[in-house]
Each structure stands twice: as structure tokens, then as C-alpha cells.
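Notes for the one structure printed next.
No value in this document is a laboratory result; all are computed from the given coordinates. Remember, it's a predicted structure, so these values are computed and weren't measured experimentally. Here the Cβ positions follow ideal geometry from the backbone for every residue, glycine too, while neighbour counts run over all protein chains shown.
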Amino acid sequence: MDIHQLKVFHSVVAAGGLTKASRDLHLSQSTVSHHIKQLEQELGCQLFLRVGKRVLLTEAGRLLREHCEKIFQDVE
């Protein structure tokens, strides 16, 4: 896991979906999806429930979001 993956994750959460996050990050949707899949594999858990074009956080995703916010505050 690296800071870039966390930024992609955080952007997907903020945007509410992979497609909008990809536009916000100026990355392809497949690249954003790949980063999320890598992160889920590294952590060994699902972070999002995919519902159509929207994504909802799982409990693990909510915990990671909290940690991301703290990490980003500390980095600033």
C-alpha cells in the first residue's frame, strides 16, 4: 500500500464512484479500478460494494477512510 493508492481510494469515496473519481484524478477508469483491486488484495478484504455505477463503503472501507483522513492530516 502506498500514498497514491490511498489518494485514489479517498477520491473514489469522495466522488461516490470509480468513473467520477477517474475524471477528478485524470486517470482512466480502468487504472482507478486496478488501484482499488490492488489495495483490496493487499488488505485481504473488500472495501466497496458495487451497486450499478455507485460504490458503497464496507465496514473495512469505512475504517480505511478514517485512517486515510488522519494520514492526510498528518502529511499536511
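Scanning the chain for DSSP H helices at least 15 Å long along the axis (C-alpha atoms) with a Kyte-Doolittle mean no lower than 0.0 picks out 3-15. Paramagnetic label reach from Glu66 (point 7 Å along Cα→Cβ; backbone nitrogen cut-off under 19 Å): within the range 37-53, residues 43-49.
The equivalent ellipsoid that matches the C-alpha gyration tensor of the chain spans semi-axes of 17, 15, 12 angstrom, in descending order. Taking R0 as 22 Å, what FRET efficiency do you get between Glu76 and Lys53 from their Cβ-Cβ distance, rounded to the nearest 0.05? My answer for the efficiency is 0.10. Charged side chains reduced to their Cβ positions (Lys and Arg at +1, Asp and Glu at -1) give the chain a dipole of some 460 debye around its Cα centre. For the chain, applying the loop criterion from DSSP together with a ceiling of 15 other beta carbons within 10 Å to the trypsin sites (Lys or Arg not before Pro) yields Lys53.
Note on the chain: Lys pairs 8 or more places apart or on different chains, Cα atoms under 19 Å apart, count 6. The relative contact order of the chain, computed from alpha carbon pairs under 8 Å that lie at least 6 residues apart in sequence, is 27 percent.
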